[in-house]
Amino acid sequence: MSEDLTTFSAQQLAAKIKNKDVTASEVTQAHFDRIEKLDKKIESFLYLDKAAALEQAKRVDKKVAKNETLSPLAGVPLALKDVMTQRGVPTTCGSKILENWRPPYDSTVVKRLKENDVIILGKVNMDEFAMGSSTENSAYQKTKNPWDLSRIPGGSSGGSSAAVASFFAPLAIGTDTGGSIRQPAAVCGIVGTKPTYGTVSRYGLIAFASSLDQAGPITRSVMDAALLNEVIAGYDPLDSTSINQSTASLVAAANTKDLKGMKIGVIKELGGEGWQEGVVANFNQSIETLKQLGAEVVEISLPHSLYALAVYYLIAPSEASSNLARFDGMRYGLRVGDNGEKDVEAVMNLTRAQGFGPEVKRRIILGTYALSTGYYDAYYGQAQKVRGLIAEDFKAAFEKVDVLVSPTSPTTAWKLGERVDNPLAMYLADLATLPPSLAGVPAISVPIGLAKEDQMPVGLQIIAPAMQDHKNYQVASAIEAAQGGLLIDQIKDLASLV
Amino acid sequence: MSKITPEALKHLAKLARLELTEAELAMYATQLEIILDSVDKIREVAAGDVKPMSHAVGLTNVFREDVIRPSLDRAEVLSQAPATEANRFRVPRILNED
């Protein structure tokens, strides 16, 4: 074949399929070929749904042949984070407690992907129950960063970011509770969006912290993220937190590439001392680029963002301890010790002890503690209030500026194994992504070059007011265009893999 | 400074339905103390009258009409259960004899 179909963007592939330059079947097969050849080094996929994906591609090709109206992403392959239920397809959530479980229903995100003829190649790795920042908490395998195989791909959506950065799929679905889309995208040199909480349905997204969980796109270009975001977003009566109102066109915003008249706030508290030198240097350089593009840049203080880590590590485990109570070994998944003698409580205790990994147990215990009598007001109740103060900081800031910016994460991708025994060090990766998560506002991470000292990718985080997701896409695409070419194209040949 | 004794941790594990080994109890007791110390600083924030927050646009109490809708396929659901009997979930003994 003269051209490698795996190197094109989702937008380009959709156009090629529509114009009958290639078939969706050829595109799908090309991606499976690359996965089968190279994923043994990356270990991003947990399950390949080859027969169903090729079947789905054939249906798209029939539509093309009949000149039917096509969805903007029809025939484009996607990697699905294993936190999303897909009917009849193994869904583990990175946990042994759900090994071999085949959900009897589709999540709303999957339903929308299918309706839009996006080809789901299979399920990708993640930290168990989305708890982690390196994907090392997966019960199944350790996914690697394609920029340097000795480093982590970020997390919890590390399978999604590694698959897209390795050109195994142009599109992936990730989920973000405290940074799990933005941080893996940043450390893999690609784009990741956490939409406004409530704009993408959580139905069928296996819950970690319900008031924070949000699905979103992980892609190589800003335009591809906008296209995928528009496919998955929309009101859903099956999610009681779903917002019945739509945002302005994200694709149109991604086409603007002009920042004249836009006011951008640099968050004073996120950066500086303790942050990796190359991260800060690239961030400062991106601020200069924003100015050159016509934006006015000012410094903004979000005083309560300093408490975000503490607030998050009380609220998220509390919600998790409640949400994960459903894994009791009674109706689906693992059951341990049911020998006819043991009672139901003993079987539950044994099932959960064997089925959950160390980080999940740690957070369940922490959450149980924060919600228990005598501590509820001091911990959970107080955290919910400080969360309100963090949201008020954002509201006040957005009266002065259109969007806020910070580095996405304090460091680049660290070495595998470096932080596994130190939960607190792992949590620090989320320092900059937590405040917008707690406020429920949308944020995007876009690549801004490689850090000088380790040649690993750095991300810029852009944050907009709730329901104004389009502003993030406008700024991100302007920054992307100003860099003249995608950062990830530097490893297009996957020299590290071949 | 929070202090978590192994006894207190055992009680939490029981509430959370987690059978923990002695080694796990010791490890989590140390780690939880470190984590709790780091989150303790939220107590210093004066937040007396602040309204607790949980949704981006403040959505609360969503209602819908009570209409009959198709539910999940019974055979498909039961096919995923660890144990079934007579078209139902089979679970271990719930009551003790003593």
Average Cα contact separation per residue, chain B, under 8 Å, 6 or more apart, as relative contact order %: 19
Between helix B:22-39 and chain B: long-axis angle, C-alpha atoms, 0 to 90°, nearest 10: 60
Sorted peptide list for A:200-210, B:7-17, criterion being average Cβ within 10 angstrom, highest first: A:200-210, B:7-17
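Residue by residue through A:236-247, how many Cβ atoms from other chains fall within 10 Å of the Cβ on average? Please report the intermediate quantities before stating the final value.
Details: counts 0, 2, 2, 1, 6, 7, 2, 4, 2, 1, 0, 0.
Taking the mean over all residues of the peptide, I get 2.
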In sequence order, calculated HN-Hα J values of the stretch A:82-91 (Karplus, 6.51, -1.76, 1.60; Hz; x Gly/Pro): 6, 8, 9, 6, 9, 4, x, 10, x, 9
Spatially proximal aspartates and glutamates relative to B:LYS14 (Cα-Cα < 12 Å; intrachain offsets below 8 disregarded): A:GLU345
Signed unit charges on C-beta, dipole axis of the stretch A:11-92, positive-most listed residue A:LEU54, A:VAL83, A:GLN12: A:GLN12
Set of aspartates and glutamates with alpha-carbon distance to B:LYS51 below 19 Å, sequence-local pairs under 8 removed: A:GLU319, A:ASP377, A:GLU392, A:ASP393
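All other residues with a Cβ under 13 Å from the Cβ of A:GLN245 taken together, and with Lys, Arg as +1 and Asp, Glu as -1, what is their net charge?
On the way: positive: none; negative: A:ASP236, A:ASP469.
Combined, the nearby Lys, Arg, Asp and Glu give -2.
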Pairwise Lys count, the stretch A:241-374 - Cα closer than 25 Å, eight or more residues apart or different chains: 6
The stretch A:261-275 - phi-based ³J(HN,Hα) in whole Hz, Karplus 6.51/-1.76/1.60, Gly and Pro as x: x, 8, 10, 10, x, 8, 6, 4, 6, 10, x, x, 4, x, 8
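Each value in this text was obtained by applying a stated rule to the coordinates, not by laboratory testing. Just so it is clear, the structure is predicted and the values come from calculations on it, not from any experiment. Note that each Cβ is placed from the backbone with ideal geometry, even for glycine, and that neighbours are counted across all protein chains shown.
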